[in-house]
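Okay, so here's the structure we're looking at.
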Amino acid sequence: MQSTNSVPVVFFNNDTKERFEKLLTEKTDAKYKEKLELYPLRPPFQDFALVVTDSKVNEKKILKKLPKDFCCDESTISGRNAYVFSSNKLAEKGNSKIAFSGFCKYNNDILIGSKEIHNVDDPEELAEIIGNFTFLAKKENDFIIGRDYFSTSSIYYFNTPELTVVSNEYHFLLILLAELKDDLEIDDDVAIANLCFCNGQLFEQHISAKLEVKGVRQLPIEKYILIKDGKFELKDTSLSDLMNKEFDINNYEALLKQAANEIMDNIELAYNSKKFKTVLVDVTGGTDSRVVFSGATNIDDRDNKIQIHTKDDKRTNDVTVAIPLNNLYKYKYDVVPENVEMEQAENGQKILRSLNIGTYYYIKRFIPWRTRLIL
């Protein structure tokens, strides 16, 4: 193993050093404010947010701040006012109302979006199910908010005795907080820590549960939210026991085999589902896509469903890897037609910033030494 130190390619001369030090000490009263529109999630995903408060909320005023077609479901729980803002109307299942964003594996089937969530017997089960989703369920006077078992998706919340706001989108939550509170503050420690990363968040996630706005937190991976009798609680999923379980190295190979079998079960479930005429398998530079490709090669493609999707990427040489690899298996290449919506560069950046707030790094760099935090 060899360790080397990085070599600076930019450095100060006396002139630039003086100018930089002057910049650090200058004070300005100038304020910059940019309006960043909320970009709604695409189906089968949807935006949702819950507001629980002792006072009344002007939902019509809030809806004007949101994209068109957003709606509000108002109710009362234990004498408190509850408002669910969402990009789609809540689905109904018995005495429950549900917002479901994403897809999940349930009873040997794949459920996609809110239209199929009525197949779930009890919404509380969702916190123990694998997939890529977030959910909000109102059962009588209780609210349950959570996400898939492995926390592929995120939930954000702000909670005080007077006001609780929970959302599956950080940008959505910030818009609501800005309307409901006058005294929001930046958490300097969190903001500075995030600014220390040049390209992306550590593991593409925040390094703590705290976010840049004081009081806003990201839901821990082993928790879900229960609002019972109007009171906010964090409850454990079964993942909490697993995380606290002592690791036995003697079981490592057995656990590895169990994980491989679970991956194969999921791939076979997708392949055998009658909902999909074609199964696209990425062959890209990511380890996850190559694991899925390896699993797909263990399936007898009797229905000729599998097609390979790849693209030229100079960083990972995807096509260079994909072509010789697929020459061994002779799968067809992706010929599924798709509609591409072109956006101007500025609009495209705003969309990415809206969607990535709270997960990916979202400092917009314009020129050296000048950055601004977009909230």
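Structure summary
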{"quantity": "Selection count, region 82-97, where residues are modelled with pLDDT under 95 and either small (Gly, Ala, Ser) or in a strand (DSSP E or B) (or both)", "calculated": "6"}
{"quantity": "Within region 44-69, tally of residues that are touching a Lys or Arg at 6+ places or on another chain (Cβ under 9 Å) and part of a loop (DSSP other than H, G, I, E, B)", "calculated": "2"}
{"quantity": "Selection count where residues are at pLDDT 80 or above, surrounded by 14 or more Cβ atoms within 10 Å (Cβ to Cβ) and assigned to a loop (DSSP other than H, G, I, E, B), scope region 316-375", "calculated": "3"}
{"quantity": "Sole residue being surrounded by fewer than 19 Cβ atoms within 10 Å (Cβ to Cβ) and β-branched (Val, Ile, Thr), chosen from Ile98, Ile77, Ile145", "calculated": "Ile77"}
{"quantity": "Close pairs (8 angstrom Cβ cut-off, 6 or more residues apart or separate chains): within 20 Å of His171 (Cα to Cα) in region 338-350, assigned to a loop (DSSP other than H, G, I, E, B) anywhere", "calculated": "Lys350/Leu36; Lys350/Glu37; Lys350/Tyr39"}
{"quantity": "Region 222-254, subset crowded, with 17+ Cβ neighbours inside 10 Å and assigned to a loop (DSSP other than H, G, I, E, B), residue modelled with the lowest pLDDT", "calculated": "Gly230"}
{"quantity": "Residue among Ser101, Ser86, Ser151 that is assigned by TED's automatic domain parsing to the domain that holds Leu184, of a type in the set (Gly, Ala, Ser) and in contact with a Ser or Thr (Cβ under 8 Å, 6 or more places away or on another chain)", "calculated": "Ser101"}
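Okay, residues lined up against (1) modelled with pLDDT of 90 or more; (2) in contact with a Lys or Arg (Cβ under 9 Å, 6 or more places away or on another chain); (3) not β-branched (Val, Ile, Thr):
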position	(1), (2), (3)
Phe143	yes, yes, yes
Tyr156	yes, yes, yes
Leu176	yes, yes, yes
Glu179	yes, yes, yes
Asp189	no, yes, yes
Ile207	no, no, no
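The values are calculated or read from the model by the stated rules, or taken from the named source; none is laboratory data. Values in this document were obtained by computation on a predicted structure and should not be read as measured data. As a convention, Cβ positions derive from the backbone with ideal geometry for all residues, glycine included, and neighbour counts pool all protein chains shown.
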